[in-house]
Amino acid sequence: MSINEVNIHFQYSICDHRRFTDESVNIKPLPDWKAPLENRHHMHYFGTMKKRNKKVPSLFKDERFFISGRGGLKFEKLEGTNLFKARCLYRKLYSDGLCANRYEIGLSLNGLKKNIKDYPENEYQHSRLIHELLFHIPIKIKYLKKYENNIFDILNASKAIALLYQRATSELPSEDRLYNIKYGNLCIVLEVDKQNKAIKDILFDDVIEVNNSFSVYVKKYRTRGMEVVVFTLFGEIAENLNECREIRISLLRMFHEYQNMRLLLQVAQNPKNNILHEEFDKYLMHKLRFFKKVLSPNDAFQHLFNCMFSIFEIISPGEIDELSHNIERIRLQIKNKLLDFVKNNNVKNSIRFSENFKYVQQALAASDLKKAINLIHGIVDQKTYIIIQSRFNRLLLDEKHGVIGRNELEIEKNKLVLSILTSIDDYKLS
């Protein structure tokens, strides 16, 4: 990449929650993302399985394989305008093999510096012009009867790409309407070398200093009823191509993960969706562990992720535990809905007990007494629960006011854990 080029990356998020419903039987078994075979696995309408030639960030080792995405999306007259020339770098589809999918397009724009005299003098108009050009690159989606004669601009292709993905992964012929598949907001990453003076004015107020070499500028658009997020990666790109690539991959992946989580929670909160709660719960907990990992202090881009999440009010570290409780509440609602179909009360109670007891054990293993006590509310009798709850509250007050020492505090906590386990055993015997 030369200093006069601008690389631009478009990302379309596709949330496929069919695997958590009875529609899972209609999903093609291949490609197998858990055991991918390069050049052998294939996705209809898109292309074959490929392996990245370059190293991927350690947090995202699951991105080593992708589907070549040249098949279904074609560019119409990709020579740009009198303000720039464009060439396609790649078209790729990534997936976690379950729900989170994303289609990415990379373009390289050149000729901006030569045409600087054509730009408006006003900085705001300059900025709007650049982004309006980026939003109106024409593309065509093949194999969809409803859209076979349509030429989209790149901004409005989200639904059509999601439909093509649905058709490519379905065993049975699908209509041109989305079923148990959602799509997120378009995300764009611009890579601009700081020596490229042609578009230096498109930088914005929300800035994240990544390190001495790079900054990320953030802009949110709302146009034609859609929200578009633009990250401008600005710095010494020509001299640090590998580092630039790592930051860009991290930005796209984390925004995609946020999109997927947001769409999944919308799905779970809709009682009309016939969700298979166990698979759904496992997947959400897996994603929560992923978020905790990438937001850990040991990660090189922790500051970038935290600032990014703060700007977009996505998922901050302090909100992850709250999100975990919300997921648990949703899971229990789904469980109770299924239990309504169980007529035998003894069977109902047995299912509820085993389910709750599992999560009490997990809470105790994590030394989360508060959560464990809240969970036993649905297991033990009311009197026992009130006694244990009162002892815990008293312990918290003693700790706050310094009435109790550290060793004594640990002894009292262990006594509470023993009381919780004893009360559960008593309930079993009853």
request  = List the residues whose amide H sits under 5 Å from the amide H of Gly69, counting only those 5 or more places along or on another chain, with H placed 1.01 Å from N in the peptide plane.
outcome  = Arg91, Lys92, Leu93
remark   = Given backbone amide H placed at 1.01 Å from N, residues whose amide H is under 5 Å from that of Asn7, ignoring those fewer than 5 places away on the same chain, are Leu109, Glu191
remark   = Net charge near Leu263 (other residues with Cβ under 15 Å of its Cβ; Lys, Arg +1; Asp, Glu -1) is +3
note = Lys and Arg at +1, Asp and Glu at -1: neighbours of Gln389 with Cβ under 12 Å from its Cβ sum to +4
key: Pair His42, Lys55: separation of 7 Å Cα→Cβ label points (nm)   = 3.5 nm
task = Report, by chain and number, residues whose modeled amide H sits under 5 Å from the one on Tyr183, excluding near sequence neighbours (fewer than 5 apart, same chain).
result = Cys15
query = If we sort 277-285, 95-103, 415-423 on the protection proxy, mean other Cβ atoms within 10 Å, highest first, what's the order?
reply = 95-103, 277-285, 415-423
remark   = Expected vector for the range 276-293, Karplus 3J(HN,Hα) from phi with 6.51, -1.76, 1.60 and θ = phi - 60°, integer Hz, x for Gly and Pro, equals 7, 4, 5, 5, 4, 5, 4, 5, 5, 5, 4, 5, 5, 4, 4, 4, 4, 5
request  = Would you tally the net charge around Gly405, using a Cβ to Cβ cut-off of less than 13 Å, leaving Gly405 out, and scoring K and R as +1, D and E as -1?
outcome  = -3
Entries in Lys182/Lys370; Lys159/Lys292; Lys287/Lys370 that, when Cα-Cα distance is taken, lie over 28 Å = Lys182/Lys370; Lys159/Lys292
remark   = the range 1-60 and the range 381-430 have their Cα centres apart by a whole-number Å value of 49 Å
key: Mean Cβ neighbour count within 10 Å, used as a protection proxy, ranking 400-410, 65-75 highest first   = 65-75, 400-410
ask   = Order of 12-25, 210-223 by packing, highest average Cβ count within 10 Å first?
value = 12-25, 210-223
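Where a number appears in this text, it was derived from the coordinates with a stated rule and is not lab data. Keep in mind the model is a prediction, meaning the values are calculated, not measured. Virtual Cβ from ideal backbone geometry, glycine too; neighbours counted across all protein chains shown.
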